[in-house]
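K.L.:
Got a structure for you, questions after.
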Amino acid sequence: MRLGLQFTNITWPGGQQQLGPTFARIAEQAERAGFYSLWTMDHLWQTPFAGGPEREVLEGWSALAYAAGRTNHIKLGVLVTGVTYRYPALLVKTATTLDVLSQGRTYFGIGAAWLEEEHHAYGIPFPPVKERIARLEETLQIVHQMWSGDERPYNGTYYQLDRPLNSPQPIQKPHPPIMVAGGGERKTLRQVAQYGDVCNLFAAPGTSEELRSKLNALREHCEALGRPYEQIEKTVTLRDFHLTADGRNGTFSPHSAIDYFAELAELGIEHAIFNTTHVHTPETLDLLATEVIPIVKQIPVAGR
């Protein structure tokens, strides 16, 4: 099983002047600790889950470019890009650039976006959810077309491209893994089956049956489209994964964390991504590096 680390709350000691050095140190230590992947968010305001708009937040793609320059092999992704923030061709160019400069380490994560107030604050249109999902589908079509080298015009309902040329193309072949995030069983998981290489669902202790239901829905969409279910990488996001050496105050201990990751693996989850309290303290990543990650890497995943 694989583990990924996501940056969410970046209000760290030292204030703004130390954000860059602290971010770099965490990225470097996460790679040394054995994390498979490193993720940012795609938000312009800090989310309500991490303290609200006055708290610091970094633009996700440029932050990953900085992380790429400080690391060597850890995978890099935005969990996930909101379809509303950038024109599709520009987004493809951004992701391609990261893949080329990182020597093929990019995940392409995308979703329908949700934080309405930051859209209004920055003057970004926030259409109804039905339109956002339709725009997501068109964007996924454009992504596939540009990464296939097809330069023919694209004429959709929301996007029209005269010549979607993409040069250079990504290092990864046929393209960086496309993660479509969200658990909507009727539309989003159908988009995963049709366009994606990776699904991403929310997880928490006690949600195993809900995850099982969503994975079954994904399997049904794959069968309907003639897509092998096994081709889809199954990932989850864990919000506020609190780890302590002794599991005090309701936190995870290394032992209980390993048990929980094993439970996810039994469902077929291959890759668990989380943020963790006190990630800025070397002790937190040391605990993961010595007592959790080496064991989790050995956990077999059902169906693989």
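K.L.:
Could you check how many residues of region 105-143 are surrounded by 15 or more Cβ atoms within 10 Å (Cβ to Cβ) and under 21 Å from the mean Cα position of the chain (by Cα)?
P.N.:
Residues meeting the conditions: 25.
K.L.:
Filter region 158-203 for residues that are in contact with an Asp or Glu (Cβ under 7 Å, 6 or more places away or on another chain) and either polar (S, T, N, Q) or part of a loop (DSSP other than H, G, I, E, B) (or both) and give the result.
P.N.:
158, 159, 163, 164, 165, 170, 171, 172, 176, 177, 191, 197
K.L.:
Continuing with this model, one more query. Look at residue 76 and say whether it is under 28 Å from residue 172 (Cβ atoms) and not in a helix (DSSP H, G or I). I'd like the intermediate steps shown before the answer.
P.N.:
Numbers: under 28 Å from residue 172 (Cβ atoms): yes; not in a helix (DSSP H, G or I): yes.
Against the criterion (under 28 Å from residue 172 (Cβ atoms) and not in a helix (DSSP H, G or I)), residue 76 qualifies.
K.L.:
Among the residues of region 152-207, which ones are hydrophobic (A, V, I, L, M, F, W, C) and either modelled with pLDDT of 95 or more or surrounded by fewer than 15 Cβ atoms within 10 Å (Cβ to Cβ) (or both)? Steps first, answer last, please.
P.N.:
Pass one, region 152-207, residues hydrophobic (A, V, I, L, M, F, W, C): 161, 165, 171, 178-181, 189, 192-193, 198-199, 201-204.
Those that are hydrophobic (A, V, I, L, M, F, W, C) and either modelled with pLDDT of 95 or more or surrounded by fewer than 15 Cβ atoms within 10 Å (Cβ to Cβ) (or both): 161, 165, 171, 178, 179, 180, 189, 192, 193, 198, 199, 201.
K.L.:
Now, a different point. Can you give me the number of residues within region 42-73 that are under 27 Å from residue 131 (Cβ atoms) and either in contact with a strand residue (DSSP E or B) (Cβ under 7 Å, 6 or more places away or on another chain) or part of a strand (DSSP E or B) (or both)?
P.N.:
Qualifying residue count for the region: 3.
K.L.:
Scan region 219-238 for residues that are among the small types (Gly, Ala, Ser) and either in a helix (DSSP H, G or I) or within 14 Å of residue 271 (Cβ to Cβ) (or both) and report the count.
P.N.:
From region 219-238, those among the small types (Gly, Ala, Ser) are 224, 226; that's our starting set.
Filter once more, so that each one left must be either in a helix (DSSP H, G or I) or within 14 Å of residue 271 (Cβ to Cβ) (or both): 224.
Counting residues in region 219-238 that are among the small types (Gly, Ala, Ser) and either in a helix (DSSP H, G or I) or within 14 Å of residue 271 (Cβ to Cβ) (or both) gives 1.
K.L.:
Only one of (1) surrounded by 13 or more Cβ atoms within 10 Å (Cβ to Cβ); (2) under 18 Å from the mean Cα position of the chain (by Cα); (3) not aromatic (Phe, Trp, Tyr) is not met by residue 231, so which one is it?
P.N.:
Against the list (1) surrounded by 13 or more Cβ atoms within 10 Å (Cβ to Cβ); (2) under 18 Å from the mean Cα position of the chain (by Cα); (3) not aromatic (Phe, Trp, Tyr), residue 231 comes up short only on (1).
K.L.:
Looking at (1) surrounded by fewer than 19 Cβ atoms within 10 Å (Cβ to Cβ); (2) of a type in the set (Val, Ile, Thr); (3) in contact (Cβ under 8 Å) with a residue 12 or more places away in the chain, can you tell me which one residue 290 breaks?
P.N.:
Looking at each condition in turn, residue 290 falls short on (3).
The values are calculated or read from the model by the stated rules, or taken from the named source; none is laboratory data. Because the structure is a prediction, the values reported are computed rather than measured. Here Cβ is always computed from backbone atoms with ideal geometry, including for glycine, and neighbour counts include all displayed protein chains.
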